1. So if I average 1/r over every pair of distinct C-alpha atoms in the stretch 114-206 and take the inverse, what Kirkwood radius in Å does that give?
2. Which FRET efficiency value, to the nearest 0.05, do you get for His112 and Arg38 by plugging their Cβ-Cβ distance into 1/(1 + (r/R0)^6) with R0 = 41 Å?
3. Near the amide H of Ser134, under 5 Å away, which other amide H atoms are found, from residues 5 or more places off or on another chain, if H is placed in the peptide plane?
4. Sorted from largest down, what three extents in whole angstroms do the Cα atoms of the stretch 144-261 have along their principal axes?
5. Ranked from highest to lowest mean number of other Cβ atoms within 10 Å per residue, what is the order of the peptides 140-147, 174-181?
6. Work out, step by step, the length gained on full extension between Ala194 and Trp214: first 0.36 nm times the residue separation, then minus their alpha carbon distance; give nm to one decimal.
7. Taking only the alpha carbons of the stretch 2-259, what extent do you get along each of the three principal axes, in Å, biggest first?
Amino acid sequence: MLNFAIEGIGVCGPGLDGWPGTAAVLRGEGPYVFAPMRNPAPAVLAPGERRRASLAVRLAIEVACQAAAAGGAAPAELIALFASADGDPDTIHSICCAVAEPGYPVSPTRFHNSVHNAPAGYWSIAVGSRKPSSSICAYDDSFAVALLDAAVQAAVEQERVLLVASDVASPPPLDLDRPGVAPFGCALLVAPAAPGNARALRLNFVPGAAPMQWPLDLPQALRDNPAARGLAVLAALALPRPGMIRLPYGPDAHLEFGFEQ
């Protein structure tokens with residue numbers, strides 16, 4: 001069992017923009033309305049970097065900035081953990097198309113955006129961080145794996161860890177596995193839990209499969225986004241209640257997440 005705290009949250013997705021509004025929807029104070037996600041343009045990126053950065057990068061940086069600001073944290077002092085199931089499919093598609101053309105005209109800008117840790121690189125450069133960063137990919141369970149990793153790092157290092165999970169749609173033909181996915185990103189500022197903290201959270205790794213528990217009647221386009229599984233955790237943070245929520249963790253295990261009783 002791991003104990004920790006959440007000190008800041010960031011959210012950006014269709015019909016969900018920022019933690020205050022998202023929390024109100026998750027508490028049932030208003031209906032969820034599916035609407036196109038705004039185009040993220042995080043101010044922490046220099047204008048030239050914003051132009052070169054893909055949607056996948058800008059979305060990750062946007063929610064990272066929201067969570068750090070909400071927790072009153074200096075971004076450069078945070079261990080960072082970026083999670084994505086599919087990385088940057090638009091960039092991968094562009095490179096694959098270029099390789100199939102005469103002369104292999106692969107853009108250097110496209111190439112450096114193709115690596116899975118591109119968001120981590122943009123983040124560390126933008127905020128001037130020399131802290132460790134990790135980039136995780138675990139298919140549909142990427143958020144759950146990252147949550148466990150962040151909780152472990154916070155407990156072991158006794159430092160705050162910025163967990164960022166985001167995924168965007170893939171263009172054809174890369175979208176055969178997940179057609180019509182809506183973009184979504186969320187971030188959690190995970191901190192070591194102080195002794196006796198009434199708002200302390202706990203996380204258990206439990207053998208045995210468990211189904212995904214969705215907090216809202218979400219459209220399939222959002223349910224198919226692996227990063228949107230973080231909404232189950234956000235719902236628990238928006239409206240604390242007894243009991244534990246379950247997050248699938250591979251085919252034979254799951255995480256249990258909730259407040260200390």
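1. Hydrodynamic radius (Kirkwood, Cα pairs) of the stretch 114-206 is 15.3 Å.
2. Efficiency for this residue pair is about 0.95.
3. HN-HN under 5 Å from Ser134: Ala80, Leu81, Phe82.
4. 51, 27, 27
5. Going by the mean number of other Cβ atoms within 10 Å, highest first, we get 140-147, 174-181.
6. Answer, rounded to one decimal: 4.2 nm.
7. Principal extents (Cα only, largest first): 63, 38, 36 Å.
No lab work stands behind these numbers, since they all come straight from the coordinates. This is a predicted model, so every value here is computed, not measured. Don't worry about glycine lacking a Cβ; one is built from the backbone with ideal geometry, like all the others, and counts go over all protein chains shown.
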